[in-house]
Structure formats: structure tokens, C-alpha cells
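Input: a single structure, listed below in C-alpha cells.
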Amino acid sequence: MNFDFLSDQLQDHWPTHPWAQLVLGLVILVLTALFLQWVVARIVLFIAHRLLVLAGHTNWDQAFIRRRAYHRVWYAVPFAAIALGIDDVPHIGKWSMPIERVAHGGAWVCIFFAAGSALSAWQDVYASSKEAQTRSIKGYIQIGKLALALVCGVLVLSILIDRSPLWMLSGLGALSAVLLLVFKDTLLSLVASTQLTSNDMLRIGDWIEMPQASADGFVKDIALHTVKVQNWDNTVTTVPTYKLFSESYRNYRHMFESGGRRIKRTLRIDAQCVRFLTDDETERLLRFRLLHDYLQQKQTEVEQANRNLGELANEPANRRRLTNIGTFRAYGLAYLQRHPEIRQDMAIMVRMMEPESQGIPIEVYCFTATTAWTQYERIQGDVFDHLLSILPEMGLRLYQAPSGTNFASVAGRLRGEMPTL
């Protein structure tokens, strides 16, 4: 059987009514489009699937399936077939051009949706890598999707109204001021997200503190428009990305990387208990292991300085003497320098601050050898427990504002001393 015979048979059985020819032509076109979709799904995309698996990129293939990237390519095939074959349908007339434009635009929409799914699949594959634990590409993925949406919108609209995309872009240029106003937050977030990521200013897992946004916890997600921070009370604060670029916040990442966490706390000493040490107190404090070397050296210096004064040393006001608060500072420094959980390669000091109405502040400044929060608090508590307990040994006491009990005790004594009439 030759093709001429088949053509003659088709012409003999082809309907003569125009509407019947139109319907039959549309049915044939739709069936052809569905057949081409089946061919692409079963052959072309199956080959792409097998190539990814054989190349060892199974995770990419699974991500494409999960994000329906393959399916959206399939959907573009029947639209393209209809756009190419609609002119061959008999008696389609003036409807040919609108149907072709809609089908053409639909094919491009499916292709752009497939490209967006591919970007989402890239994000899924990256999320399973080690780099994703510290650096997020979600902002870049959202930027890519936004760019795809803009290009798709311009292209499809130009197809539907039969104008050049350049003509559409020139019209957008005239509306640039309006677009800048409408997409102000998006543009600010775009710049901020790019700067935060490229300059390594913020990573997933960083502990940040931003009081003006009520954020104090770990960064859980970095997107184009927002950054999610899980606070210590397990609440989640959503901070606009551009605020993290335009406003100040505290990032504790470098503290964790350094391996030492700072202790900076003051003890307020009652000014009325500060005095010179007597000889008996000095002899007693010589038995303290942490003070023995310090006191021996200071006693030598003091005796030499007093001998140089000659007869002036007979006056107590002229003599050089040790104070209990200075000895306490020396003891605190020696204690920190011998503490096994204090970093000795970082700053260590016990210094006196400016006296205030609430006493004389003695500041302890050092770094723990661990950054874990619970261990840090334990070490800090142990240090200050010891320093507070050693104060009475040197004749010192903490400043404490009088409470209601103190006033009641004084009032009771006054009533007891008051004579009865």
C-alpha cells in the first residue's frame, strides 16, 4: 500500500462539513500534542534521568523529581505542539493567531517554571552539604527566581500582545520610579542579602543579639527578605534582612572560634573596710600559697623604701605599707593565673575601677577555656564563689544597700534605748 492510496482514502472519508473538519482537526492536533508529550516523557527525559544516575548524581535526580522539574518540562511540549500546528487546522480562521499566542506563552511559562524548580532542586542538594551548615544560598535562589519571573512576565506579555520584548523593557524604563517605590523592600533586601553573604557577616548557626528587634539566639534561616532567629526561649524572631545590614547587632561567632569566652564582672567593696594591713595580718596571710611569693616581694620593697626614708619613717603617714584591697587584687590575679579552666594566653586582670556611691568596684577580667554556655556559667560561678568567700580573710566586705530588715533592726534598737516617761 503506497502513500498516494492512503491519501486518497483519507480524502474519501474526510468530512465535508466545515465544522466537522474543524473539530476533527483540533482532535488530531490535541492527540498529536499528547503523543509528543508521551515521547518526551518516556524517551528524552528518561535518558536525562539515566545519565544523572549513571554519573553518580542521584541526589540531583531525586531533587528534580521532588520539585517536579521533569513534569513541568513535559507540560511545555503539548503547548509547543499546539502553537506550531494550529495553523494546519482547517477552517480555524481568525482564532488561529490568539490560540497560537496563548499556547506559545503557555510553553514559555512551563519552561520558566521548570527552571525555577531546577533552582529549588539546587537548593535542596546544597542543603545536604557541609557548606550549608554555615552559609546559605537561599537568598541567591530567591533572587534567581525573581529574575526568572520578571523575564517570563515580560516575554509572555510581549507574545500575547505581539510586541517586541525590547518595547516592553522600554516601557518599564519609563515606570522605573514607580517600580523602585513598589519593590523598595525587595531591592534593599537584595543588596543586604548579597553583602551579608559575600562578606561573611552572617551564617546559619551564628548566635546574634539584636535588642532593637528582640532577637537573641541562633540564626536558623537566611532568606532574601527575612532572617529567622530562634531565641533562647524557643520563640522565633523574624528580622528583615536589610535591618541586619543597616543596623548594628552582636555576633558571637568569633568568640566561639577563639575558644575563649570573656568573664567581666565587678565586686563592689565597702569603702569603710579598706585599710592598711598590720604586721600580724601580713604574717598570717603569708601562709596563703597564692599570696606567699607576692607578700615576700612586697615586704622586701616596702622595707627598702622605708629605710630610704630615714627618720621620716618614724611617722606612720610617711611609711609605705600594704593595703588589704591591694592584697586582695593580687590574690585574685594569682588565683586566676593558676585556675585550670581560665585561658592563660588571653587577657587576665583584676583591676580597681573608679569609686562610686555603691562602693569600690573591683573588676575581674579573664576568659574561660570553653565557650559552652553551661560550662561557662559554672566556671564563672566557681571563680566568684571563691573570691567572695576569701574577702573576710583580708578584712574586706561587700557593699550592700540597707534593706527593710536593717531599718527595722535600727528602729528596734532606738526604741529600746528611748527612756520611758
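The values are calculated or read from the model by the stated rules, or taken from the named source; none is laboratory data. What you are looking at is a predicted structure, and each value in this text was computed from that prediction instead of being measured. Because the Cβ atoms are built from the backbone with ideal geometry, glycine has one as well, and the counts that use them run over all protein chains shown.
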Keeping to the stretch 359-393, report how many residues are part of a loop (DSSP other than H, G, I, E, B) and out of contact with any helix residue (DSSP H, G or I) (no Cβ under 9 Å at 6 or more places or on another chain). 1
For the stretch 334-350, check the following and say yes or no: at least one residue is modelled with pLDDT of 90 or more, within 20 Å of Glu283 (Cβ to Cβ) and under 45 Å from the mean Cα position of the chain (by Cα). yes
From the residues in the stretch 173-200 that are among the polar types (S, T, N, Q) and part of a helix (DSSP H, G or I), which one is modelled with the lowest pLDDT? Ser176
Glu393, sole failed condition from (1) more than 26 Å from Asp270 (Cα to Cα); (2) among the acidic types (Asp, Glu); (3) in contact (Cβ under 8 Å) with a residue 40 or more places away in the chain: (1)
Can we say Ser120 is part of a helix (DSSP H, G or I), assigned by TED's automatic domain parsing to the domain that holds Leu31 and without any contact (Cβ under 8 Å) to a residue 12 or more places away in the chain? no
Being loosely packed, with under 13 Cβ neighbours inside 10 Å and either modelled with pLDDT under 80 or not assigned by TED's automatic domain parsing to the domain that holds Ile99 (or both) is the filter here; which residues of the stretch 138-171 pass it? Asp162, Arg163, Ser164, Leu166, Trp167, Leu169, Ser170, Gly171
Give the residues of the stretch 206-256 that are basic (Lys, Arg) and buried (at least 17 other Cβ atoms within 10 Å of the Cβ), sorted by residue number. Lys228, Lys243, Arg253
Within the stretch 43-64, can you find the residues that are closer than 19 Å to Ala107 by Cα and without any contact (Cβ under 8 Å) to a residue 12 or more places away in the chain? Val44
Filter the helices (runs of 4 or more DSSP H) completely within the stretch 279-358 down to those with at least 2 residues that are in contact (Cβ under 8 Å) with a residue 40 or more places away in the chain, under 30 Å from Gln375 (Cβ atoms) and in contact with a Phe, Trp or Tyr (Cβ under 8 Å, 6 or more places away or on another chain). 289-309, 324-337
Here the qualifying pairs (Cβ atoms under 6 Å; residues six or more apart or on different chains; first in the stretch 221-233 and modelled with pLDDT under 90; second surrounded by fewer than 16 Cβ atoms within 10 Å (Cβ to Cβ) and outside any loop (DSSP other than H, G, I, E, B)) come out as Thr226/Thr238
Among what's in the stretch 245-265 and is of a type outside the set (D, E, K, R) and not in a helix (DSSP H, G or I), pick the residue that is nearest to Leu188 (Cα to Cα). Ser248
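Residues are listed down the side, and each one gets a yes or a no for (1) more than 29 Å from Tyr252 (Cβ to Cβ); (2) under 40 Å from the mean Cα position of the chain (by Cα); (3) among the charged types (D, E, K, R); (4) buried (at least 17 other Cβ atoms within 10 Å of the Cβ):
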{"site": "Thr323", "(1), (2), (3), (4)": "yes, no, no, no"}
{"site": "Gln358", "(1), (2), (3), (4)": "yes, yes, no, no"}
{"site": "His386", "(1), (2), (3), (4)": "no, yes, no, no"}
{"site": "Leu396", "(1), (2), (3), (4)": "yes, no, no, yes"}
{"site": "Val410", "(1), (2), (3), (4)": "yes, no, no, no"}
